[in-house]
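Input: a single structure, listed below in structure tokens.
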Amino acid sequence: MRRLFFKTVLGICGIIVLGIVSLVTFVIDPAFNAFSEIEYQEESSLENRLVYGLLKEQPFAQWQSSIERYDSFFELTPSLIEASELPVDALPFTAPGGQGGHFRVDEDNMYFSYFASPLPGWLVLYEEGDSELVDESRAEFAVLLLFAGPLVVILLAMLLGIGYLLYAFGRPMRALEKAMEGFSQDPRVRLAPEHGKLIPNIVTAFNGMAQRLDTTLTEQQVMIAAIPHELRTPIARIRFALDMLRGKEGESLWQGLERVDNYVDELQQTSEQILELSRMDRDTLSVYPVSLNEILAQCGADYETTPALAIRLPEQDILTPGDSGLLRRVLGNLLDNAVQYHQSYIQASLTLTEQRAVICVENDGADLTPDDLAQLFQPFYRADSSRSRRSGGLGIGLTLVRQIVACHRGEVFAELIRPGVLRIRIELPISGE
């Protein structure tokens, strides 16, 4: 956009300079310099009246020196010639004041006037000089153009510049308006890249906003469709357990009530995780430098009774700007999943690669396909619904992981590094990036 404004300003300045130069060259200067034969005849006639009176008061012997010293009012060049030297192509004329003479135009379009002198047999010749008698009306018009012309050129150049800017911005702004209207019906609408040449920030902001809204709407639709299914199972269990408790007493009653209490805890956990997921985009993070070494060590200590778990930390303390509570939730979810599904191998590591903090959590026993990996972070997705149900999984944990990492300006990836071994890799910015 800056480039467009610079181009427009340079264009306006160029038009102003070109317009003023053209105005002076083709209008004002010719108005002063354009010079007709009649005007020259009138000029030379007025000049001759002065010269004639000067010569009349002096003897002939002093005429030549007087003419050489004479300062012409109209910058003509007077000289004395004999009447016999009058060119044959000189035509007689009568000046507007009634004075008669001869006039000639040579092949170079130069003007010459011949007038009688006080002494018969001699003529006074006037050759065209640098200054001419200009018609008064044309001079007034030239003076008016000299002052008003540049202003008119400047105004026209500014109007052209404004018109160009309006034309240049009209197309992308119309496209933006159309995209905004179409987005209400189809959230997949985006602005084309060619519109970003003039309004790159607006195009980037709109497409980013549209992408976030589209993602949010898609996730909300998935959640709305999945929530009834997710809540139906614990509610059905509670109802079934209550039916079984009717008519029972003693220890059987207390065991049944304990199962109902577990089902209620599961229902409450589901509701809390759904609520946490829905608020994740709106909550403002309390960002400050957080030690990833410390968080990973603390989370690993919670599973010290799991012999298959190995924690690998670098000697250098790696800091990331973020919320320590949310980052603990991320690592806790990943380690929970790894512990629940592993067979004999779990590893959590922290490294520093290309100014990014990289956390990897690996475990074996992952019976996943490439399609499973592509949907692993979707809300309520389970690669193995029967196993997830037995282990208490709700299909929300990895979605929370993805949301929290995104809020920390990071990325999360899932990959099978070898058959049956799943690696979840998280990349986070380091403090000072």
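Of the helices (runs of 4 or more DSSP H) that lie entirely inside segment 1-117, those containing 3 or more residues that are at pLDDT below 90 and closer than 30 Å to F169 by Cβ span 2-23. Going through (1) in contact with a Ser or Thr (Cβ under 9 Å, 6 or more places away or on another chain); (2) at pLDDT below 75 one by one, G161 falls short only on (2).
Does any residue of segment 302-318 turn out to be part of a helix (DSSP H, G or I), buried (at least 18 other Cβ atoms within 10 Å of the Cβ) and touching a residue at least 12 places away in the same chain (Cβ under 8 Å)? The answer is no; no qualifying residue exists. Within segment 200-216, not a single residue is over 30 Å from C407 (Cα atoms) and at pLDDT 75 or above. A count restricted to segment 303-320 and to residues that are within 24 Å of G397 (Cβ to Cβ) and out of contact with any strand residue (DSSP E or B) (no Cβ under 6 Å at 6 or more places or on another chain) stands at 4.
Pairing each residue of segment 332-359 that is of a type in the set (S, T, Y) with any residue that is not in a strand (DSSP E or B), provided the two are 6+ apart or on different chains, yields C-beta distances under 7 Å for Y341/G365; Y341/A366; S344/A308; Y345/A308; T351/P314. Each residue in segment 273-301 was checked for being at pLDDT below 75 and of a type in the set (S, T, N, Q), and 4 pass.
In segment 64-73, is there at least one residue being within 17 Å of F112 (Cα to Cα) and in contact with a Leu (Cβ under 8 Å, 6 or more places away or on another chain)? Yes, because at least one residue in segment 64-73 is within 17 Å of F112 (Cα to Cα) and in contact with a Leu (Cβ under 8 Å, 6 or more places away or on another chain).
Looking across segment 80-94, the residues that are out of contact with any Gly (no Cβ under 6 Å at 6 or more places or on another chain) and under 20 Å from F60 (Cα atoms) come down to L80, I81, E82, S84, E85, L86. Of all residues in segment 346-357, those being buried (at least 17 other Cβ atoms within 10 Å of the Cβ) and not small (G, A, S) number 4.
The values are calculated or read from the model by the stated rules, or taken from the named source; none is laboratory data. These numbers were taken from a predicted model, which means no experiment stands behind them. With ideal geometry, Cβ positions are generated from the backbone for all residues, glycine too; neighbour counts draw on all protein chains shown.
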